[in-house]
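The structure appears right after this line, and notes come after that.
What follows draws every value from the coordinates through simple rules; no lab data is involved. A quick note: this is a predicted structure, and the numbers were derived from the prediction, not measured. Virtual Cβ from ideal backbone geometry, glycine too; neighbours counted across all protein chains shown.
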Amino acid sequence: MRDNAPRLGTSATAESITSKHTPHAFSNSHDSRVGDERIVVLGGVPLRGEVEVSGSKNSSLPILAASLLASKGQCILHNVPHIADVGTMCEMLQALGASVQREGHTVIIDAENLQSHSAPTELVRKMRASFYVAAPLLARLHRAEVPLPGGCVLGPRPVNYHIDAFQKMGAVTTVERGAMNAVAEHWHGASIYLEPKNSSVGATVNIMMAACLATGTTTIENAAREPEVVNLAEYLKKMGGKIRGAGTATITIQGVKELHGTEHTIYNDRIEAGTYLTAAGITGGDVTVHGLPPVHLSVYIDKLQEAGIEITHGDRWIRAATVQPLRATDVATAPFPGFATDLQAPFLTMMCLAEGRSAIEENVFDVRFNYAAELLRMGADITLTENTAIVRGVSKLSGAEVQATDLRAGAALVLAGLGAEGRTEVTKVEYIDRGYEHFVDKLRSLDGQVVRQTKSGNKK
């Protein structure tokens, strides 16, 4: 049945963002299309082939923000993905007085003339990571006015850890009319303890950036250990920062007087890689991802193997092949090196087609099962109890019109469509644009029957 599935027109591809050979001001090319497009999927074809992993969204955003710390020289960043969140962050840097230009996947930032301490509300409300500019503003200008962040609706994600740290480092802060206002006349290092249960990535990277220009030493206990934290630390050290312990639970930063421009390469995206590996399981396919060290996905790889997927890998490639029926597998999300919350939705989607009963426990975000109602429309058997989804595998999913509820859920629903019988239409695809570069194009390169359309039915 899969090999004989109907095929969508081969001429349709997702809109590509053409790399330029000359620098130009950065703009967010997706804004004009928000809410006007959908992804149409015909299921039944196993995904097969090889795909290159793009630069990491979760590495790019703090590193772009950290470029504001350089008071002289250009910051040249390579492997920056063409995604909407990067566009938003670059618009933010420009709004604060930095010069931002792009050459293909390279972004060039000059923040010598950083002027404004006030982040525009309309940009911060688009994504939570905009709050990363708070630390560079306080460190360089000793003032910051940053609205409380928005982004995907994943439940309460307070920035109290960030604000508490700023206060310990000498800032006087208030939260009024939905914004943090902070003044730091005496900016100094401090000992900062984060709650061990969550090991907040956002708080860890904001404190690291803030501490680089503080007087004295800052120590972060129970720091996040994600590869994205390590990538940021490498960048800050190239800029002249003095940081030890990144990738462990204790990070120490010795403040310096100034940071300078440098050249740096963004890590590849482990969440994107995990998404395509999971797509192999959902469709009964065989997919190899290139450009990622397996250690960045070690726990996830273990779970894929538990589910019956055959995994082989080298230094910077991973292959997932479906050689037997999927098996129900329990998972619980946790900070790195645990099971990544950003891969919970794709994995749960795969469990909808596995034999048996699985329990998917979400321990990072409070509202991350909103998409379960969309999978139910496709014939999934899911029961929600507090922070756990009980999934009973079904023999098939059926195509339906569904709506993305957040970034990772949007990608998971497209994968569900690839593994379902019939036609699936996914709306609210602007969520997917936030974190996946050329998502439709890459799926099509793996034989996925996927097109992007406007509401009028025109192919993109």
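Assuming R0 = 35 Å, can you tell me the calculated FRET efficiency for the pair Asp164 and Ala359, based on Cβ-Cβ distance, to the nearest 0.05?
0.55
How far is it, in nm, from the label point at Val183 to the one at Lys396 when both lie 7 Å from their Cα along the line to the Cβ?
With each label placed 7 Å out from Cα toward Cβ, I get 6.8 nm.
Just for the chain, what percent of DSSP beta bridges are antiparallel, to the closest 5?
Just about 70 percent of them are antiparallel.
What is the ratio of the Cα radius of gyration of the chain to 2.2 N^0.38 Å, with N the residue count, to two decimals?
Taking the Cα Rg and dividing by 2.2 N^0.38 Å, one obtains 0.96.
By counting other Cβ atoms within 10 Å of each Cβ, how are Glu226, Glu52 ranked from fewest to most?
Ranked by crowding around the Cβ, least crowded first: Glu52, Glu226.
Would you give the gap between the C-alpha center of the stretch 209-269 and the C-alpha center of the stretch 365-393, rounded to a whole Å?
38 Å
In the neighborhood of Asp164, defined by Cβ-to-Cβ distances under 14 Å, what is the net charge if each Lys or Arg adds +1 and each Asp or Glu adds -1?
Every neighbour counted, the sum reads -1.
Would you tally the net charge around Arg270, using a Cβ to Cβ cut-off of less than 11 Å, leaving Arg270 out, and scoring K and R as +1, D and E as -1?
Combined, the nearby Lys, Arg, Asp and Glu give -4.
Near the amide H of Ser118, under 5 Å away, which other amide H atoms are found, from residues 5 or more places off or on another chain, if H is placed in the peptide plane?
It is Glu145, by chain and number.
Arranged by the count of other C-beta atoms within 10 angstrom, fewest first, what order do Val295, Val201 take?
Ascending number of Cβ neighbours within 10 Å: Val295, Val201.
Give me the percent relative contact order of the chain, please, defined on Cα pairs under 8 angstrom at least 6 residues apart.
21 percent
Quick one: which of Lys57/Lys197; Lys197/Lys396; Lys57/Lys242; Lys72/Lys428; Lys57/Lys303; Lys396/Lys459 span more than 30 angstrom between C-alpha atoms?
The pairs that break the limit, which is 30 Å between Cα atoms, are Lys197/Lys396; Lys72/Lys428.
What 222 nm value per residue comes from the helices of the chain, counting each DSSP H run with n ≥ 4 as -39,500 (n - 2.57) and dividing by all residues, nearest 500 deg cm²/dmol?
-8000 deg cm²/dmol
Percent antiparallel among DSSP beta bridges with both residues in the stretch 57-265, to the nearest 5?
70 percent
Can you list residues whose amide H is under 5 Å from Phe339's amide H, if they're 5+ apart or on another chain and H is modeled 1.01 Å from N?
Ala334
Counting Lys and Arg as +1 and Asp and Glu as -1, what is the net charge of the other residues whose Cβ lies under 15 Å from the Cβ of Arg225?
My count for the surroundings of Arg225 gives -2.
Would you mind giving the average projected area, over all directions, of the Cα convex hull of the stretch 252-293 in nm² with one decimal?
Computed as one quarter of the Cα hull surface, the answer is 5.1 nm².
State whether the stretch 280-348 is rounded, prolate or oblate according to the following rule on the C-alpha gyration tensor (a ≥ b ≥ c being the square roots of its eigenvalues): a/c under 1.5 gives rounded; otherwise a/b larger than b/c gives prolate, and the remaining case gives oblate.
oblate
Hey, how many Å between the Cα centroid of the stretch 178-197 and the Cα centroid of the stretch 34-92?
Here the two parts' Cα centres lie 28 Å apart.
Calculate how large, on average over all directions, the projected area of the Cα convex hull of the stretch 57-265 is; give the answer in nm² to one decimal.
Hull-based average projected area comes out at 9.8 nm².
Rank these for me by crowding, Met169, Met180, going from fewest to most other beta carbons within 10 Å.
By the 10 Å Cβ count, ascending, the order reads Met180, Met169.
Once you have the Cα-Cα distance between Lys238 and Lys257, take 0.36 nm times their residue separation minus that, and quote the gain in nm to one decimal.
Here the answer is 5.4 nm.
Considering only DSSP beta bridges whose two residues both sit in the stretch 297-421, what percent are antiparallel, to the nearest 5?
75 percent
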